[in-house]
Amino acid sequence: MTLFEQINEDIKSAMKAKEKERLEALRAVKSQLLLLKTAEGASETISEEDEIKVIQKMIKQRKESGAIYQQQNRPDLGDKELLEATFLEVYLPKQFSDTELTVAIEAIITKVGALSLKDLGKVMGIASKELAGKSEGKAIAEKVKLLLNK
């Protein structure tokens, strides 16, 4: 079952269970996936990588919005955004722990032969591709900088 099909099934179960917030989040993802599917020049099917990118982007948007709402003293809206983000995180692959991320990036640094921060671009290019979906880009960038600064 593809991620798109799984989301459709979860929409049905959320409707039956009358889970309004979960239903909203799932419909938003389905909408974005349909837009991606029907975009000009797109094929009928969406790759799993693209599905994960869409979900990651939506989670990031909701977390950022939630933080802004919290700062502006609107906890009602902020909590709603953060709750939707948690509903969407279920569809991402298991995220790397800090230790796993360190090991993976050290392996990439060794493979590339990076010695200092001057090689940041080389390492980030490979790390972003290899670790996509397994860790946030921001976390990858911070860990690469930390390891190259040693």
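Values in this text are rule-based calculations from the coordinates and carry no lab data. It should be emphasised that the depicted structure is a prediction, and the values quoted were computed from it without experimental measurement. A quick note on method: Cβ atoms are made from the backbone with ideal geometry, for glycine too, and the neighbour counts reach across all protein chains shown.
For this structure, a couple of remarks:
- Applying a DSSP loop filter and a limit of 13 other Cβ atoms within 10 Å to the GluC sites (Glu not before Pro) in region 13-72 leaves Glu40, Glu44.
- For the residues Gln56, Gln32, Gln71, a GNM of the chain with alpha-carbon springs under 10 Å puts the largest fluctuation on Gln71.
- Dipole magnitude (debye, nearest 20) for the chain, charges at Cβ of Lys, Arg, Asp, Glu: 320
- Between Ser47 and Ser31, the contour length at 0.36 nm per residue exceeds the Cα-Cα span by 4.2 nm.
- Restraint check, Lys30/Lys80; Lys12/Lys80; Lys30/Lys111, Cα-Cα greater than 27 Å: Lys30/Lys111
- Hull volume in cubic angstrom per residue (convex hull over the Cα atoms of the chain): 152
- Normalised contact order of region 98-148, rounded percent, pairs of Cα under 8 Å and 6 or more residues apart: 46
- Based on the convex hull around the alpha carbon atoms, region 3-89 presents an average projected area of 5.9 nm².
- Computed helical MRE - 222 nm, the chain, DSSP H runs ≥ 4 contributing -39500 (n - 2.57), nearest 500: -24500 deg cm²/dmol
- Fluctuation leader among Leu26, Leu88, Leu77 - the chain, Gaussian network, Cα springs under 10 angstrom: Leu77
- Once both labels are positioned 7 Å from their Cα atoms along Cα-to-Cβ, the gap between Lys20 and Lys118 label points is 6.0 nm.
- Asn8/Asp98 FRET efficiency (R0 30 Å; Cβ-Cβ; nearest 0.05): 0.30
- Calculated SAXS-style log₁₀ I(q)/I(0) at q = 0.23, 0.24, 0.29 Å⁻¹ - region 98-148, Debye, Cα scatterers: -0.74, -0.81, -1.23
- Taking the chain and dividing mean pair separation by its residue count, relative contact order in percent (alpha carbons under 8 Å, at least six apart): 19
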